[in-house]
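Notes for the one structure printed next.
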Amino acid sequence: MLHDAIDRANDMTRLWWDCTQMVADVPLIITMRLMGLSGIWSVPDNEHHDMVHEKAPAFTESFISGTLAVWSGHGPDRVMQAAIEPISRITRDNRARLAGGGPRMADQQPVLAEATGSL
């Protein structure tokens, strides 16, 4: 009985931690991507493609994980954790990858200049 209470408290803590981490990561990811598209931040060449095409698989996995948790008879906290985990993993990976790029130096060509051939 005590172990169940501890497990549920642990699950709820993990769920809220994942939600809090995503709330903190999303504005950073958006900022780094916008700065990358404007040539201020170093981002991978395929970032504009990845930021659009990563959404559908993440949301599909989230939907399926949440649905399977419901069908397995789990409580609301575990269903929410199952649904949040795929999206949380993507945001964590994006933040870590984009933060590794850093600001562009003055001698580096902006991404826009490479794409259009101007400047």
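Looking for something of a type outside the set (Lys, Arg), surrounded by fewer than 16 Cβ atoms within 10 Å (Cβ to Cβ) and part of a helix (DSSP H, G or I) - is there at least one such residue anywhere in the stretch 78-92? Even if it seems obvious, please write down each step before you answer.
First pass over the stretch 78-92, keeping only residues of a type outside the set (Lys, Arg): 79-88, 90-91.
When the remaining residues are screened for being surrounded by fewer than 16 Cβ atoms within 10 Å (Cβ to Cβ), the result is none.
No.
Go through the residues of the stretch 73-93 one by one and say whether even a single one is among the acidic types (Asp, Glu), modelled with pLDDT of 90 or more and within 13 Å of the chain's Cα centre (by Cα).
Here is the first cut: in the stretch 73-93, the ones among the acidic types (Asp, Glu) are 77, 85, 93.
Filter again for modelled with pLDDT of 90 or more, leaving 85, 93.
Those still in the list that are within 13 Å of the chain's Cα centre (by Cα) too: 85, 93.
Yes: the stretch 73-93 contains one or more residues that are among the acidic types (Asp, Glu), modelled with pLDDT of 90 or more and within 13 Å of the chain's Cα centre (by Cα).
Looking at the stretch 94-119 only, could you name the residues that are at pLDDT 85 or above and surrounded by fewer than 16 Cβ atoms within 10 Å (Cβ to Cβ)? Show your work before the answer.
First, pick out the residues of the stretch 94-119 that are at pLDDT 85 or above: 94-103.
Those that are at pLDDT 85 or above and surrounded by fewer than 16 Cβ atoms within 10 Å (Cβ to Cβ): Ala96, Arg97, Ala99, Gly100, Gly101, Gly102, Pro103.
If Leu37 satisfies all but one of (1) within 10 Å of the chain's Cα centre (by Cα); (2) of a type in the set (A, V, I, L, M); (3) modelled with pLDDT under 90, what's the number of the condition it fails?
(1)
Within the set of pairs 6 or more residues apart or between chains, which connect a residue that is within 15 Å of Asn94 (Cβ to Cβ) and at pLDDT below 90 inside the stretch 48-66 to a residue that is basic (Lys, Arg) and surrounded by 14 or more Cβ atoms within 10 Å (Cβ to Cβ) with Cβ atoms less than 8 Å apart?
Close Cβ pairs satisfying both conditions: Met51/Arg33.
Out of Gly73, Gly66, report the one residue that is part of a loop (DSSP other than H, G, I, E, B) and either surrounded by 14 or more Cβ atoms within 10 Å (Cβ to Cβ) or not aromatic (Phe, Trp, Tyr) (or both). Break it down stepwise before answering.
On the way: Gly66 fails: part of a loop (DSSP other than H, G, I, E, B).
After applying the criteria, what remains is Gly73.
Do you know which of the residues in the stretch 5-46 that are loosely packed, with under 14 Cβ neighbours inside 10 Å and among the small types (Gly, Ala, Ser) is farthest from Gly100 (Cα to Cα)?
Among those that are loosely packed, with under 14 Cβ neighbours inside 10 Å and among the small types (Gly, Ala, Ser), it is Ala5.
Given the structure, is Pro57 more than 19 Å from Gly102 (Cβ to Cβ), under 15 Å from the mean Cα position of the chain (by Cα), crowded, with 17+ Cβ neighbours inside 10 Å and not β-branched (Val, Ile, Thr)?
Working: more than 19 Å from Gly102 (Cβ to Cβ): yes; under 15 Å from the mean Cα position of the chain (by Cα): yes; crowded, with 17+ Cβ neighbours inside 10 Å: no; not β-branched (Val, Ile, Thr): yes.
Answer is no for this residue.
Return the residue satisfying two criteria in turn: it lies in the stretch 6-47 and is among the β-branched types (Val, Ile, Thr) and assigned to a helix (DSSP H, G or I), and of such residues it is farthest from Asn94 (Cα to Cα).
Going through the stretch 6-47, the residues among the β-branched types (Val, Ile, Thr) turn out to be 6, 13, 20, 23, 26, 29-31, 40, 43.
Narrowing further to those that are assigned to a helix (DSSP H, G or I): 6, 13, 20, 23, 26, 29-31.
Details: Ile6: 32, Thr13: 23, Thr20: 16, Val23: 13, Val26: 9, Ile29: 7, Ile30: 10, Thr31: 12 Å.
Checking each candidate, the answer is Ile6.
The values are calculated or read from the model by the stated rules, or taken from the named source; none is laboratory data. Note that the structure is predicted; figures quoted are calculated from it, not measured. Don't worry about glycine lacking a Cβ; one is built from the backbone with ideal geometry, like all the others, and counts go over all protein chains shown.
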